[in-house]
Amino acid sequence: MRKIFAYAFMVSLSCLSVQAESVENDVDAVNESMTESGVESSGFLTQALNSAIEESVKDVEYGRKVTQFASVPKFGGYAIGKYSYSDKFGEKGGDGFNSRLIRVYVDGTILNDFKYRIQMELNGDKKAHIKDVTLEWSKYKEFSVKVGQFKRCFTFENPYNPFDVGVGDYSQLAKKLSGFGDYCGEASMGGRDQGLQVAGDLFPVGEDKRRLLHYQLAVYNGQGINVKDADGKKDLIGTLQFQVVKDLYVGVFGWDGQYTGSNGVSVDRHRYAFGAKYEHDGWTARGEYAHSQGHKVTDYDSSTGTWSGNGKADAWYATVGVPVNDWFKCYVKYDAYRDDASWSTLKTIYTIAPNFQLHKNLVFQIQYNYVNDKTNATDRHYNEVWAETYFRF
């Protein structure tokens, strides 16, 4: 019995030291170890050992073949919890505690040059639903092709992950004019749509070989995520972004399209935006302006066949993030939106948001908003306090 246990112990040590490139030689190595240790071999146990190692060899060879064609899928996710208080009339103190976002994803590569990503949201008004489904051919920096369901390439802020926005929510510009509960009447699509995009980075310049020009051009259904095209027409969205110095981008964006509401009314979306962003050594500076021409679906009166409103809207914001030390960064933001591009419909939000990042995957945030809303006749000025937790895995 003592010899059997010694034999099993030696087998365990040998298995732990197996490397993929030398696994074929393990049988001889173990037998030599047994001989040197004075452990007598059992024919039955030796046969079992040989069989196990042969299976290991087959597994390693299979693994090599698989990794030649596809990477091991990466699974992850993140969650954002929130407490909100508001002294706005009729809000009853705000929403209190809630789970703002819970998302999981899987991504990887196939044949080295094809990237895929699937992301699902597990909470929210739509309950569990798919946010992103993409396949991208990305062999060259100068030219890539993406197809599926993904972020619209309109504005700098829209493509940002919620972890990286810096404050507790996207700007009114992104929300109203990129598809987070859009001005025209589209439900919140998280700034996403279904379509095909080409993109790339051109013209390496300077000692750092930074790419001078980034471009994106995409064709979308125009209806958002997880729904079919309603009118057979497509939206065209594009951007040109110039990296004038390292990590400083100046960009212009254009959008020409149409949205059809559930009431069957179709409205134009002719939009443009321009702005700049800078992210370097923990410092953040970002600002944009956007203008929209096109009615809301609710502007149409079917009984008279006429439209109300002027069919215009615009917005602008500026965000600055200052790193105090490795774990503390403070953001300030000025955020303005005009529902019909007139001063009488101006809604302005002034924000300060300290961020405490104890780990790259763990952030605590406190945020204060002072809101001046000219469209609210009962309570034009009010205050909001948010506390949010961010963690990912």
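The values are calculated or read from the model by the stated rules, or taken from the named source; none is laboratory data. Note that the structure is predicted; figures quoted are calculated from it, not measured. Quick reminder, even Gly has a Cβ in these numbers, built from the backbone with ideal geometry, and neighbours come from all protein chains shown. For the accessible areas, the whole protein counts, side chains as well, though only heavy atoms, and no ligand, DNA or RNA atoms are used. Shrake-Rupley method; radii C 1.70, N 1.55, O 1.52, S 1.80 Å.
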What part of the accessible area of region 206-287, given as a whole %, is carbon or sulfur when the probe is 1.4 angstrom?
59 percent
Size of electric dipole in region 160-305: Cβ of Lys, Arg +1 and of Asp, Glu -1, about Cα centre, debye, nearest 20:
120 debye
Compute, for region 233-380, the length of the dipole vector about the Cα centre, with Cβ point charges of +1 (Lys, Arg) and -1 (Asp, Glu) only. Units Debye, rounded to 20.
140 debye
Taking amide H positions as placed 1.01 Å from N in the peptide plane, with prolines and chain starts having none, which residues 5 or more places from L346, or on another chain, fall under 5 Å of its amide H?
K374
Be a star and scan region 366-393 for residues whose amide nitrogen sits under 13 Å from the point 7 Å along the Cα-to-Cβ vector of H359.
390-393
Projecting each Cα onto the charge dipole of region 273-393 (Lys/Arg +1, Asp/Glu -1 at the beta carbon, about the Cα centre), which of A341, C330, S308 comes out farthest on the positive side?
C330
As a test question: what accessible area, to the nearest 10 Å², does D169 have when a 1.4 Å probe is rolled over all protein chains in place?
40 Å²
So for R0 = 25 Å, FRET eff. of Y140-D164 from the Cβ-Cβ r, to 0.05, ends up at 0.45
Spin-label point model (7 Å from Cα, Cβ direction): what's the D87 to L196 distance in nm?
5.6 nm
If you roll a 1.4 Å probe over the heavy atoms of the protein chains, what accessible area per residue do you get for region 326-378, in Å²?
53 Å²
If you roll a 1.4 angstrom probe over the protein chains with everything in place, what fraction of the accessible area of region 152-195 belongs to carbon and sulfur, to the nearest %?
46 percent
